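The values are calculated or read from the model by the stated rules, or taken from the named source; none is laboratory data. Since this is a predicted model, take the numbers as computed values, not measurements. Don't worry about glycine lacking a Cβ; one is built from the backbone with ideal geometry, like all the others, and counts go over all protein chains shown.
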Amino acid sequence: MKHSPSSTRRLLVGAALLALLGACSKPPAHPAKGAKGVVATVNGHAIRRNEFDLFLKLSGTPPALAAPSLQRIVLNRMIDIDLLARQARRAHLQHARTLHMELKLQRRMLLANAFVRHYIKTHPISPAVVADHYRKIMAGVGHNLYELRTIRVAKHELALDLAHDLAHGESFVELARQYSQAPSGKHGGFVGWLGLSQVPPPVAAALRTLKPGSFTATPIKTPSGWHLYLVEAKHPIPRPSLKDMAPRIRAGLQEKMVEKLINGLRAKAKVKIAKGALRVTPLPGIKPPPAVKPVKPVKAVPVTGGKK
């Protein structure tokens with residue numbers, strides 16, 4: 001069977017291993033009933049339907065959605081792997097110590113990934129939890145973007161005086177140019193369009209109450225000083241729906257859940273790293289830094305008095 005020699009074929013062994021080792025986030029393959037037929041034979045050795053479907057899934061494509069052209073590419077890759085594997089056996093490479101170590105490591109990684117999938121399956125994230133996190137995310141983002149100007153000063157008394165001047169009709173732009181210590185002062189305090197998640201919580205709370213053209217009547221304290229804000233305009237932020245966000249939220253919660261699982265296992269385990277196990281290999285042409293000798297403590301000289 002002929003097929004085009006491409007980068008896919010040249011890297012077929014590496015791609016196959018990466019597909020196997022990178023399957024931690026994918027569910028295990030379950031071949032359909034009655035799908036155990038032979039899809040190809042290589043020198044009398046059968047490649048069965050369940051093996052083919054598994055390889056498709058590990059490559060990132062569900063068998064039911066794989067186009068015939070993609071199925072042919074994947075099948076040719078499996079044939080190439082089978083041929084190379086048989087050549088390896090004829091060269092007695094299956095007895096190589098390094099290969100045994102690689103297979104042992106891969107088996108350990110696959111088992112670890114299998115347990116992670118099992119743990120996620122047996123500890124499902126409920127729709128209610130996903131919806132609650134969605135509401136929290138949306139609350140932090142807010143409903144609007146705000147076009148803002150700000151005046152920042154160091155002293156509270158000056159901020160109060162400026163708020164008084166604004167209330168009596170003074171120009172926010174001119175006061176910002178004259179008094180603001182922020183970099184935006186020379187631009188009349190203009191800081192652009194910002195969402196509530198991009199400003200400190202006290203500022204976000206104040207912005208929620210302001211309409212376009214209004215300013216904060218009371219100065220707001222932040223770590224950088226005292227602020228007055230003017231909302232020049234605002235417009236709604238397009239908000240993704242819960243349906244659109246649910247897969248990403250669930251994946252994030254699962255990641256945190258697995259991280260918590262691993263941290264718990266490590267806390268209970270007795271782990272001892274052998275002394276000198278982590279070797280430092282210097283780069284070619286670069287000498288390692290010399291060892292720093294410990295500094296001997298200097299003995300204090302008692303002071304008995306001044307000159308007589």
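With respect to the conditions (1) part of a helix (DSSP H, G or I); (2) modelled with pLDDT of 90 or more, CYS24 lacks only one, and its number is (2).
Only a single criterion out of (1) assigned to a strand (DSSP E or B); (2) within 31 Å of the chain's Cα centre (by Cα); (3) not hydroxyl-bearing (Ser, Thr, Tyr) is not satisfied by ALA204, namely (1). Against the list (1) over 30 Å from ARG250 (Cβ atoms); (2) modelled with pLDDT of 95 or more; (3) aliphatic (A, V, I, L, M), the condition ALA131 fails is (1). Starting from the stretch 188-200, take each residue that is free of Cβ contacts under 8 Å to residues at least 40 places away in the same chain and list its partners that are assigned to a helix (DSSP H, G or I) and among the β-branched types (Val, Ile, Thr), counting only C-beta distances under 6 angstrom and pairs at least six apart or across chains. Note: pairs meeting the criteria are GLY188/VAL173.
Please go through the stretch 154-174 and give me each residue that is in a loop (DSSP other than H, G, I, E, B) and either among the aliphatic types (A, V, I, L, M) or not assigned by TED's automatic domain parsing to the domain that holds LEU228 (or both), ordered by number. Quick ask: steps written out before the conclusion?
First pass over the stretch 154-174, keeping only residues in a loop (DSSP other than H, G, I, E, B): 154-155, 168-171.
ALA154 - this is the single residue of the stretch 154-174 that is in a loop (DSSP other than H, G, I, E, B) and either among the aliphatic types (A, V, I, L, M) or not assigned by TED's automatic domain parsing to the domain that holds LEU228 (or both).
For the stretch 209-225, the candidate set comprises residues that are surrounded by 12 or more Cβ atoms within 10 Å (Cβ to Cβ) and not β-branched (Val, Ile, Thr); within that set, the residue that is farthest from ALA139 (Cα to Cα) is GLY225.
The condition (being surrounded by fewer than 16 Cβ atoms within 10 Å (Cβ to Cβ) and under 17 Å from LEU210 (Cα atoms)) is satisfied by just one residue among HIS156, HIS143: HIS143.
Checking the stated criteria, ARG86 turns out not to satisfy the condition of being touching a Phe, Trp or Tyr at 6+ places or on another chain (Cβ under 9 Å), assigned to a helix (DSSP H, G or I), touching a residue at least 12 places away in the same chain (Cβ under 8 Å) and over 30 Å from ALA246 (Cβ atoms).
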